[in-house]
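Every read-out reported here was derived from the displayed coordinates using simple, explicitly stated rules and does not represent laboratory data. The structure presented is a predicted model; accordingly, all values stated were derived computationally and were not measured. Positions of Cβ are backbone-derived with ideal geometry, glycine not excepted, and every protein chain shown enters the neighbour counts.
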Amino acid sequence: MADNESREKPAHVAPRQDGWVVMREGNKKASAVHPTRHQAEEHGRSIARDHGTDFYLHDNDGKVLVHDIYGSRHEHEGEEAYGQKVGEVTVSRPDTGAVQRQVAYHDEKSGTWTVEVHTYPPLDESIAGISGDPMGRAPTESDTYERLSPDDLRRLHPELWEKVKF
């Protein structure tokens, strides 16, 4: 995956009458229907991770609640490709109980902001003794990147915005 044009079709998760549907963008049929949001979200994220593409979680009205971009660090030129690291925070996601380590980068030349997010499972789903997480859990998703405007960074990651220093 060199750029967004070479990315595969994003994975979407949305509610419907018979459960939570997992669907690849542009497909007419669902990949799967799950009874719970959690199961559908895990399946959708798995598809996005496996294919190095975007993941979208929608509410009943179709509004995007979560948008994560998947890709591994080796596909990039390293952290310096995103600019200077300007902030970092660890937060809990109230919707899933997962813990996220969020890192903000700012590239002064291009004026772009990038957020790197590492997401770890809730404590009751974790495997103790694994390094990489402040609490020793293995990441369920890692190395997701999202390019944002300053307003979107402030709105989507308020705890991280409070830590940003540049």
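Points to keep in mind about this one:
- Shown is the FRET efficiency for Leu148 and Val33, computed with R0 = 35 Å from the Cβ-Cβ distance and rounded to the nearest 0.05: 0.65.
- Karplus (6.51, -1.76, 1.60) ³J(HN,Hα), θ = phi - 60°, over the range 45-60, in Hz, Gly and Pro reported as x: 5, 4, 4, 4, 4, 4, 10, x, 10, 8, 10, 10, 10, 10, 8, 4
- In nm, spacing of pseudo-spin labels at Lys9 and Ser110 (7 Å Cα→C-beta vector): 2.8
- The Cα-based radius of gyration of the range 4-69, divided by its Kirkwood radius, gives an Rg/Rh of 0.94.
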